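The values are calculated or read from the model by the stated rules, or taken from the named source; none is laboratory data. Quick caveat: nothing in here was measured; it's all calculated off a predicted structure. A quick note on method: Cβ atoms are made from the backbone with ideal geometry, for glycine too, and the neighbour counts reach across all protein chains shown.
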Amino acid sequence: MKNKIVLITGATGGIGKQTAITLAKMGATVVITGRNMESGEKAVAAIKKLSGNPNIELLLADVSTKGGIIGLVSQFKQKFDKLDVVINNAGSAASERKLSTDGIEMNFAINVLAPWFLATQLMDYLRKSPSGRIITLMGGDVPKKLDQENLQALKSFDGINYYSQSKLTMMALMFEYAQQIKETGVTVNICYPGQASTSMTQSVTAGMLPFLMRPLFPLFKFLVKPDGGKSAEKASRSSVFLATSKDVEGKTGLYVDKHVKIKEMPQAAANEENRKQVWNYVNQLLTAHPR
Ligand SMILES: NC(=O)c1ccc[n+]([C@@H]2O[C@H](COP(=O)([O-])OP(=O)(O)OC[C@H]3O[C@@H](n4cnc5c(N)ncnc54)[C@H](OP(=O)(O)O)[C@@H]3O)[C@@H](O)[C@H]2O)c1
């Protein structure tokens, strides 16, 4: 990965930080993002130390807003003149329905809008790379059906189920984007990391689980107990694969599972009607938020 530049959102901890460490060990220049200077600088120091690679940078950005993403892209473009890989790792699993400062439901803003909008804003830089790659992390089991009537949880907000719906919406959107930019050579792929002990899983409450699964909450807590980054390191393998492997060079619209196996794109995301509806919805939403 020498001479490659990789941007990873939300890499101050969890899976993103482990992804950054591995890519830094492989020689890439790694740019991580976070919202907090102190935790960001701590993460940069740790990634440098563990990888022996001094080329690690921090950019501060809140990706839950359109303005935050525009600011991130502007900071990036002031420092670098191309981009090889962007990994949309920052994610949200909110415990209740809340809005971003743009007035958009938070999981939808971070899990759906941010990956796509960031990719569109970086497209000119990704096209300068011989193998520009856009990678986005999926979460949990893929629902069988995309609930188009509840994209921002106005009808109902049911914790992890809605989080999974937001990730499925992202998959449909990014799969549509993959089709639309095929001729650019920039690839758009999705991976599922598998479960890991991170601040996200630590913050899951019993009330976020589907009703029938709530008695299993103590087991869930046991499975995600802090492990010093071991499970997060394992969970970073699918994004590292998509970022580095020659096997996927030029291949777009792929779905890679937690065992780092390439799978068919799940039907609900690949379905053309779903893709088009989501595409139209997010385009209208962004036009309505001109900031
Ligand atoms: N952990 C799992 O079991 C699991 C399973 C399936 C999928 N995933 C997915 O994997 C990805 C990483 O998850 P993780 O568990 O490693 O999460 P994590 O440890 O909670 O890390 C999340 C990262 O996102 C950043 N972040 C959160 N909100 C942000 C915002 N508004 N703007 C910018 N950055 C923001 C955080 O940075 P700061 O707080 O420093 O700003 C942090 O670096 C997510 O997309 C998640 O959905 C995780």
Selection from region 178-222 of residues loosely packed, with under 13 Cβ neighbours inside 10 Å, under 23 Å from H259 (Cβ atoms) and within 23 Å of the chain's Cα centre (by Cα) yields none
Evaluate the following for A11: is it part of a loop (DSSP other than H, G, I, E, B), crowded, with 21+ Cβ neighbours inside 10 Å and in contact with a helix residue (DSSP H, G or I) (Cβ under 9 Å, 6 or more places away or on another chain)? yes
Suppose we filter T187, T169, T201 for residues that are β-branched (V, I, T) and touching a Ser or Thr at 6+ places or on another chain (Cβ under 7 Å); which single one remains? T187
Qualifying helices (runs of 4 or more DSSP H) (wholly inside region 21-127; at least 2 residues being under 23 Å from K234 (Cα atoms) and more than 10 Å from the ligand (Cβ to nearest atom)): 37-51
Hey, does region 143-158 have a residue that's within 16 Å of the ligand (Cβ to nearest atom), modelled with pLDDT of 95 or more, outside any loop (DSSP other than H, G, I, E, B) and not small (G, A, S)? no
Please verify whether L254 is in contact with a Lys or Arg (Cβ under 9 Å, 6 or more places away or on another chain) and within 12 Å of L173 (Cβ to Cβ), treating the condition exactly as stated. no
Selection over region 173-208 where residues are away from the ligand (no atom under 16 Å from the Cβ), under 23 Å from T19 (Cα atoms) and hydroxyl-bearing (S, T, Y) yields a count of 1
